[in-house]
Amino acid sequence: MTKREKREQIVDKIVNAAREYKKYLLGRTFMFVFDKKYIEVSFRKEEFAHLTGVDRKMSAKEFYKEAVRGTLRQNQIYFSSRYPFDLCEKKMKELDKLPQALHQDGFILEEISAHSVCYKFGFSELNFTLCFGQDLDGTGNKRSEYYLAKSFRIGDCFERSSNVYDIEYIFSKRNNQRLYNEILLDNKGLGELPLEARKLLDETLIFEKFLKTLDVNGQ
């Protein structure tokens, strides 16, 4: 396979990952519950480019738009010592698996050291780690209490973090909804959910989960 063909293959994978990102992650917020606490994580258009591991001469938002439209071209992406082709290739094998991974068992990592950056939290399922950073404006002030998906790293990053926690629950909602109305992962039953996290759930979700529990127990 020629160098051009390899780059075109990478572009195809970026396009597919961007469409999966738009369909399943963009415009949604996810709540991860672990160790009797929780964090809320959102995904933005401008963060997608950094997750792919390629360099480009366009803005991050324009890169995302080109990818979703399927108009991204191989001469619009670049590789270097900072953005090596081999690492990008590994990332693109895993990135489109991210939406599915959020329905499965995983780990929350705390205080992840990555070169000159320290990410407060991250989600890992061993093959990759998605690192979360705080939602800050251009002057470094907090815009919200949400975390943003900032970096996508191959491997688990356990040795780079200060703490590792089993994920107990993952919930999801649209950004325009106030309460979480979808359960992606439940490892303990809602009775074990911390009160502060429970307050963020739609009552309909809690009721439906209660009915399913009764049905399973044959009552």
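Things worth noting here:
- Here the Karplus curve 6.51 cos²θ - 1.76 cosθ + 1.60, taken at θ = phi - 60°, turns the phi angles of segment 31-36 into couplings of 10, 9, 10, 7, 6, 6 Hz, with x standing for Gly and Pro.
- You can think of it this way: the chain between L136 and E8 has 42.6 nm of extra reach, that is 0.36 nm per residue less the Cα-Cα gap.
- Accessible carbon and sulfur surface of segment 1-91 relative to its total accessible area, %, 1.4 Å: 44
- Computed lengthening from N181 to N75, 0.36 nm per intervening residue step minus Cα-Cα distance: 33.9 nm
- For the pair segment 154-180 / segment 1-42, the C-alpha centres are spaced 15 Å from each other.
- Estimated distance in nm for a label pair at E111 and R174, the labels positioned 7 Å out from Cα along Cα-to-Cβ: 4.0
- Residue pairs, from the table K90/K142; K23/K91; K23/K90; K6/K150, whose Cα atoms sit over 24 Å apart: K90/K142; K6/K150
- Spin-label model, K37 to D202: label points 7 Å out along the Cα-to-beta-carbon direction sit 2.9 nm apart.
- Considering only alpha-carbon pairs that sit under 8 angstrom and 6 or more positions apart, the relative contact order computed for the chain is 21 percent.
- Interchain or long-range residues, amide H under 5 Å from R28's placed H: F43, N175
- Accessible area per residue, Å², the chain with all protein chains present, probe 1.4 Å: 55
- Put a dot 7 Å past the Cα of L126, heading toward its Cβ, do the same for D55, and the two dots end up 3.5 nm apart.
- Accessible carbon and sulfur surface of segment 122-206 relative to its total accessible area, %, 1.4 Å: 42
- Take every Cα pair under 8 Å whose residues are at least 6 apart in sequence, average their separation, divide by the length of segment 68-198, and the relative contact order is 20 percent.
The values are calculated or read from the model by the stated rules, or taken from the named source; none is laboratory data. Everything numeric here is computed off the predicted structure, so don't read it as measured data. Every residue, glycine among them, receives a Cβ derived from its backbone with ideal geometry; neighbour counts consider all protein chains shown. The area values use the complete protein model at the heavy-atom level, side chains included, leaving out ligands, DNA and RNA. Shrake-Rupley method; radii C 1.70, N 1.55, O 1.52, S 1.80 Å.
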